[in-house]
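Student: Before we start, here is the structure in question, set down as structure tokens.
The values are calculated or read from the model by the stated rules, or taken from the named source; none is laboratory data. The model shown is predicted, which means the values in this text are computed figures rather than measured ones. For neighbour counting, all protein chains shown are included, and Cβ atoms are generated from backbone atoms with ideal geometry for every residue, glycine included.
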Amino acid sequence: MGGRAVEGTGLENRQTRKGLVGSNPTPSATLRGRTTGRARPEMTVQILWNACTQEPASWLRWIECHPSTSQTVFSVVAIVGAAVIPTALYLAQRRARKLERLEKSGSLATGLIGAIWLLETEIDRVERELVRYHDDPPSTDAWNAWFGDLILNIPQPLTAALPQMLEAQENIIGPFRQSEMLAVTFNGYVAKFQTLRDRLQSKDWPQLHERISSSLHLTRKAVGEAQNIINSARVVKSQ
């Protein structure tokens with residue numbers, strides 16, 4: 001009896017509040033364990049679903065749902081941007097430089113308007129001198145004086161502006177520069193032909209006269225083109 005009482009007491013000590021539990025768990029305990037095991041996957045799916053479908057911004061939802069595609073798109077955008085942005089900056093700088101050249105060229109040409117009119121007046125004067133000796137050369141006494149009268153007085157603003165004109169916009173300043181250069185060339189022809197008096201024969205005079213006239217005609221043509229720029233208001237803005 002005593003031994004059984006001891007054994008019964010030990011068995012009672014191993015009971016839980018809800019009864020005896022052997023080495024194998026009860027069915028109710030197993031069910032609770034399985035339910036707890038499914039809770040975490042269901043919570044993860046719920047989080048992904050929210051990020052993919054309930055994000056307020058549509059573009060963020062698309063990124064969340066298509067991570068690989070969005071990464072590819074971002075890479076393409078980065079490559080295109082790396083190529084397009086420097087090109088756009090270069091074109092913008094090039095346009096700014098062009099506009100600056102146009103502005104400087106216009107200001108320079110505006111300052112040369114008076115000089116072009118003076119040069120045209122000089123060309124008119126020399127043409128009248130050429131008419132005086134069209135058929136026969138001047139006498140020996142009048143030779144040097146007459147060739148001296150053929151020299152064009154190039155206005156100083158035109159010659160002083162030549163270095164600046166070399167860097168100016170061609171379609172605006174080109175005829176101005178050409179006028180100055182051809183006027184200088186004409187004066188060089190006159191100075192050269194003046195030294196031929198002792199070797200010149202009467203039969204050679206028409207050819208010499210024609211060469212002088214042709215050089216003067218080229219100068220007048222360039223002056224006319226410069227005046228066309230002025231008259232077409234590409235340089236001077238109408239008030």
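Student: Determine which member of the set Leu182, Leu158 is part of a helix (DSSP H, G or I), closer than 18 Å to Ser107 by Cβ and in contact with a Leu (Cβ under 7 Å, 6 or more places away or on another chain).
Tutor: Result of the check over Leu182, Leu158: Leu158.
Student: With the condition kept exactly as written, say whether any residue in region 201-220 is over 25 Å from Pro163 (Cα atoms), modelled with pLDDT under 90, of a type outside the set (Ser, Thr, Tyr) and assigned to a loop (DSSP other than H, G, I, E, B).
Tutor: yes
Student: Still on this structure: For region 124-161, which positions are of a type in the set (A, V, I, L, M) and touching a residue at least 60 places away in the same chain (Cβ under 8 Å)?
Tutor: Result: Val126, Leu130, Leu150, Leu152.
Student: Quick test for you: out of Gln164, Gln194, pick the one residue that is touching a Gly at 6+ places or on another chain (Cβ under 9 Å), surrounded by 13 or more Cβ atoms within 10 Å (Cβ to Cβ) and in contact (Cβ under 8 Å) with a residue 12 or more places away in the chain.
Tutor: Only one candidate passes the filter, namely Gln194.
Student: Does Leu166 meet the test of being among the aliphatic types (A, V, I, L, M), at pLDDT below 85, out of contact with any His (no Cβ under 6 Å at 6 or more places or on another chain) and farther than 26 Å from Arg132 by Cα?
Tutor: yes
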